[in-house]
Structure formats: structure tokens, C-alpha cells
1. Working only within region 275-314, note down all residues that are in a strand (DSSP E or B) and either of a type in the set (Phe, Trp, Tyr) or in contact with a Phe, Trp or Tyr (Cβ under 9 Å, 6 or more places away or on another chain) (or both).
2. Answer yes or no as to whether Asn79 is surrounded by 20 or more Cβ atoms within 10 Å (Cβ to Cβ), in contact (Cβ under 8 Å) with a residue 60 or more places away in the chain and closer than 30 Å to Thr194 by Cα.
3. Could you tell me how many of the residues in region 91-120 are without any contact (Cβ under 8 Å) to a residue 60 or more places away in the chain and in contact with a Leu (Cβ under 6 Å, 6 or more places away or on another chain)?
4. Could you say whether any residue in region 80-99 is more than 20 Å from Leu320 (Cα to Cα) and touching a Pro at 6+ places or on another chain (Cβ under 6 Å)?
5. Among the residues of region 1-49, write down those that are surrounded by 10 or more Cβ atoms within 10 Å (Cβ to Cβ) and of a type in the set (Ser, Thr, Tyr).
Amino acid sequence: MEYKELTVEGQKQHQGAAFPLILEAQQPASLAAVLSEVKAQSVELQSRLQSHGAILFRGLPLTSDMDFDKFVTAFNLPNFTYSESLSNAVRRNRTDRVFTANEAPADVSIYLHHEMAQTPIYPSKLFFFCELAAGSGGATPLCRSDMLLERLIESVPEFIAQCEAKGVRYTNTMPSSDDAASGQGRSWRSTLSTQTTAGAEARLAQLNYQWQWQGDESLTVTSPVLPAVKELGNGNKVFFNQLIAAFRGWKDRHNAMNKTIMFGDGTEIPASAMAIAIELADELSFDVPWQTGDVALVDNYLVMHGRRPFQGERRVLASLVAA
């Protein structure tokens, strides 16, 4: 099977590499043939991912969650399950490897973030599968965090120096049961894989979190100090965190926007710096124009993602790769 590299409106360039790389299958092929080819080319595709940050596959014969599961499995990468993650999002498993991307309502924006960077445990790569494209809207914005960091160093060098020196901490309140109306509505029972308060406290202590129980049985937690700037294996640095998403979007009946992030020493992160980070990230973003059947492979260390509001039914599934 041959692929054609597509160029689309809004696509970015970084050091001569298209962002994202878009590969369109040029001839009909059976699912079995596609899986065989992926197995043979897995190492090469992962190498290209390091250069491009994200790869969008188009024209593949994938129609279901099981097809997507087989496609991901063909890469022979370690699975990162939803149940073992500390993700804030309410999701529904389709298979052990595949789950819904986020159950938040269609009118809720999910802002740019590195998957689970607000926790000590995060995946290295993300797969997304468009099982059904939305009637309108619903794009997945992608932003290279190395490009963003370069711009932030130029614009707010003191802020980046503080990010590197101090790290960041995140505070959020988890409800006692899943709240699908919120983009951060996963319950503490699901997040911490326990049904008891004692079990929750033991898990949080193991992870070096601070916590406080609320009167409605919700649980407010504060993470240990986590990086805001990450150095990758090749020596390059990225703006690796959940600051934009937490600052803009962690707001529901349990959480107050702008009260969810702080530097690692407990000092306030300036709203003026966050406004610049948001503006630059939006400028650098590319909106994936989903078509039914598309698959995106994203380097979670290098690229942030989000979700635009949409109308009509939209089904995008996800699968994560362990570090």
C-alpha cells in the first residue's frame, strides 16, 4: 500500500518538517494487508513521528473500535490503560486498549494539554480514531510544545525561568461519582481505583499528593511538584504541562477556574504570562479536520492536543502508549 503526503490549509512547518505529517492511502487494501504493513513499518513510522510530532493517516479501511484496536496493536507498543491512569476525564472503554476520548458535552471546549501531564504518570504516545466525524466543529487542535517554548522564551523569559526552576503543582476536586457534564468529571473512585476513603488516601500517599475531603464526599487533591518544561532524550526542551488547560478550562461545580495551578513553591503563576502562552499556543495550533476513518498518532512528549466544540454526533476514540 502506498501513501501520498498531503498538504492542507493551516498545516505548520518546523525545521523543514510538516506538522502534522498527513499520509493518505492511495489504493484499496484489506485490513489484514494494512496491519501487516504497519507491523513491518512500525519502527520507521515512529522515527517519522519524532520529526513531525504527529501523523494523520487517511483512507485506511478502519470502520470500528475493533479495527482500531488491531491497528494500534500492530505497532507492538506497550498499552497504557484508562483504568491505570490518573486522567481527569470521564471515558468509556470499548476494549481493554480503546476508549472514548472524553465524554464531556459537545459545547465544552477541551483546551490544549499534554495528556496527563498534571500527574506523575503519563503516556508517551496517543492514538485517536475518528469513528464518526461531527456534523460541524469538533476538530482536534494540535500544538508543538517545542515551538511554543521557543516563542515563550522570546516573549516571557522570566516566566519560563520560573517554570524550569520551580516546576508546577495542580489542584483539582474529584466528585464521588462520575460527572459526565464536566471535562474533568472523573470520580475519585474511578481515578484511584478504589471504593473506600482509606484506599484513596493510601494511593494518594504513595503518589506524594496532598488531599482534603469535602462535605459532599468529593476529594480535593494537590499534585507533587511536576515539571513545566521537559527535556527530551535528544536534548530538546518542550513546554510540557497542563497549564493552559487547567487555567482556561478546569471549571465546573467542583473547581474554580484560575485556582488550579501554582508554581512548585506555592507562589502564584501570573495570569499575564498565561495569557501570552494561550495566545501563542492558539497561533501555533493546527486543527485536525477529522474525516470518518482517520487515525492520528501523536507524540505526547512533543505535542499538545485539545477538542473544539461541535454539533451533531461525534465519536473519536483513543488508545494510549505507556512510556
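Rule-based calculations on the coordinates, nothing more; no lab input. The shown structure was predicted, so the numbers you read here are calculated from the model rather than taken from an experiment. So basically every Cβ, Gly included, is an ideal-geometry build from the backbone, and we count neighbours across all protein chains shown.
1. As a first pass, look at region 275-314 and keep what is in a strand (DSSP E or B): 286-288, 295-299, 303-307, 310-311.
Once the filter is applied, which keeps residues that are in a strand (DSSP E or B) and either of a type in the set (Phe, Trp, Tyr) or in contact with a Phe, Trp or Tyr (Cβ under 9 Å, 6 or more places away or on another chain) (or both), region 275-314 yields Phe286, Val288, Val295, Ala296, Leu297, Val298, Val303, Met304, His305, Gly306, Arg307, Phe310.
2. no
3. 0
4. Step one: list which residues in region 80-99 are more than 20 Å from Leu320 (Cα to Cα), which gives none.
There is no residue in region 80-99 that is more than 20 Å from Leu320 (Cα to Cα) and touching a Pro at 6+ places or on another chain (Cβ under 6 Å).
5. Hits for region 1-49 are Tyr3, Ser30, Ser36, Ser42, Ser47.
To keep it simple, each residue is scored yes or no on (1) in a loop (DSSP other than H, G, I, E, B); (2) closer than 30 Å to Ile55 by Cβ; (3) β-branched (Val, Ile, Thr); (4) within 16 Å of the chain's Cα centre (by Cα).
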position: Tyr111; (1), (2), (3), (4): no, yes, no, yes
position: Ala117; (1), (2), (3), (4): yes, yes, no, yes
position: Leu126; (1), (2), (3), (4): no, yes, no, yes
position: Cys143; (1), (2), (3), (4): no, yes, no, yes
position: Asp146; (1), (2), (3), (4): no, yes, no, yes
position: Leu152; (1), (2), (3), (4): no, yes, no, no
position: Glu158; (1), (2), (3), (4): no, no, no, no
position: Glu164; (1), (2), (3), (4): no, yes, no, no
position: Gly183; (1), (2), (3), (4): yes, yes, no, yes
